[in-house]
1. Say whether the condition of being touching a helix residue (DSSP H, G or I) at 6+ places or on another chain (Cβ under 9 Å), more than 22 Å from Asp140 (Cα to Cα) and modelled with pLDDT of 95 or more is met by at least one residue in the range 68-88.
2. Going by the structure shown, is Val81 open to solvent by less than 30 Å² (accessible area, probe 1.4 Å) and either more than 21 Å from Gly172 (Cα to Cα) or part of a helix (DSSP H, G or I) (or both)?
3. Would you pick out the residues in the range 132-149 that are farther than 20 Å from Met95 by Cα and open to solvent by less than 50 Å² (accessible area, probe 1.4 Å)?
4. Any idea which of (1) within 16 Å of the ligand (Cβ to nearest atom); (2) free of Cβ contacts under 8 Å to residues at least 12 places away in the same chain is the one Ala26 doesn't satisfy?
5. Of all residues being of a type in the set (S, T, N, Q) and touching a residue at least 24 places away in the same chain (Cβ under 8 Å) in the range 83-110, which is farthest from Thr177 (Cα to Cα)? Just the residue, please.
6. Which is under 21 Å from the mean Cα position of the chain (by Cα) and more than 19 Å from Phe19 (Cβ to Cβ), of Leu222, Leu234, Leu260?
7. Check whether at least one residue in the range 151-159 is within 10 Å of the ligand (Cβ to nearest atom), without any contact (Cβ under 8 Å) to a residue 40 or more places away in the chain and part of a helix (DSSP H, G or I), and report yes or no.
Amino acid sequence: MKIISIIKDNKPSLSFEVFPPKTDTAFASIQAATEEIAELHPAFVSVIYGAGGGTGRYTLDIAKNIKEEHGVPTLAHLTCVSSTKEMVHSKIEAMKAAGIENVMALRGDLTPELAQSDRSTWHYRNAIDLVRELKESGADFCIGGACYPEIHPESHNQQQDIAYLKEKVDAGCDFLTTQMFFDNNLFFNFLYKIREAGITVPVVPGIMPITNANQVARAIQLSGSFMPQRFKSLVDKFGDNPKAMEQAGIAYATDQIIDLYANGIANVHVYSMNKPAVARKIQANLSEIIR
Ligand code: FAD
């Protein structure tokens, strides 16, 4: 099933994110966690590519398993930076063969070495190049793209970031998913600005439940997200008590999600990161809303 048809259904729903293993030995335990998440029957599960501890090698295996064994639509992520044309073409062929219908087209993060290297020689410099390649592949993929309510860390100003986003969407993105944010006003302001810039595709907000204090520094480092005082107080107060911190982090994420639904957003994506217990608790908190 195409993700765009789920989003356009316009009913409050949740989707979850999982990451693939790094090694063969970790495959069984990671797959078991992703299956537990699939068994919650979210609107869809997205499977990241080569980030968050996993590797892209297993993205398709996990996505295919969730779709075929659990009947849950999947969104397979794919990055292109530092890839050759041949590498991307073979990934696209493998996705076609695996019956993947939905692809999140990403550039990928620049390692320090990549950031220093001569980009003029790269075949894929930005996600837009991958979006074009997917459109030309002959497969009728539903294509997602990433967007950044607090601007992408490499961008100098939001206007330019949004102008590039518009080009990416025009190249063929059916929908966008946001980077995590902890203050919904930043998301609503962003939505207003991109609509004004002529970007009309659905935008799925991405919410990261912070369930332990160590995650905070990593989340800020990855996303550069603003942490509201309300959130910082919660970490100050409960950060040393793992169970209390998990409960408070889930309550904070739930509160963000309810506010998004209440203000007209239908699908919310949860960065559940292979934590079935967290996904289950958030879903339970919203049981009457997403019924
Ligand atoms: P782009 O859209 O290419 O944007 C990157 C930067 O380049 C921005 O500053 C943008 O303004 C600028 N830019 C865009 N187009 C142009 C252009 N034509 N010319 C010049 N500059 C341009 N990483 C992974 O490794 N694996 C994953 O599975 C993964 N999943 C993600 C899912 C989501 C929802 C999000 C928000 C991020 C994800 N990431 C993932 C991280 C992502 O790869 C990084 O944030 C990366 O730095 C940017 O990727 P992008 O696709 O947004 O790039």
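The values are calculated or read from the model by the stated rules, or taken from the named source; none is laboratory data. Remember, it's a predicted structure, so these values are computed and weren't measured experimentally. Glycine also receives a Cβ, built like all others from the backbone with ideal geometry; neighbour counts cover every protein chain displayed. All accessible areas refer to the heavy atoms of the entire protein, side chains included, with ligands and DNA or RNA removed. Shrake-Rupley method; radii C 1.70, N 1.55, O 1.52, S 1.80 Å.
1. yes
2. It is false that Val81 is open to solvent by less than 30 Å² (accessible area, probe 1.4 Å) and either more than 21 Å from Gly172 (Cα to Cα) or part of a helix (DSSP H, G or I) (or both).
3. Cys147, Pro149
4. So the condition that Ala26 fails would be (1).
5. Ranking the candidates gives Thr84 first.
6. On inspection, the qualifying residue turns out to be Leu260.
7. Yes, that holds for at least one residue.
Yes/no per residue for (1) surrounded by 20 or more Cβ atoms within 10 Å (Cβ to Cβ); (2) assigned to a loop (DSSP other than H, G, I, E, B); (3) at positive phi:
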{"site": "Thr25", "(1), (2), (3)": "no, no, no"}
{"site": "Glu36", "(1), (2), (3)": "no, no, no"}
{"site": "Leu40", "(1), (2), (3)": "no, yes, no"}
{"site": "Lys64", "(1), (2), (3)": "no, no, no"}
{"site": "Lys67", "(1), (2), (3)": "yes, no, no"}
{"site": "Val88", "(1), (2), (3)": "yes, no, no"}
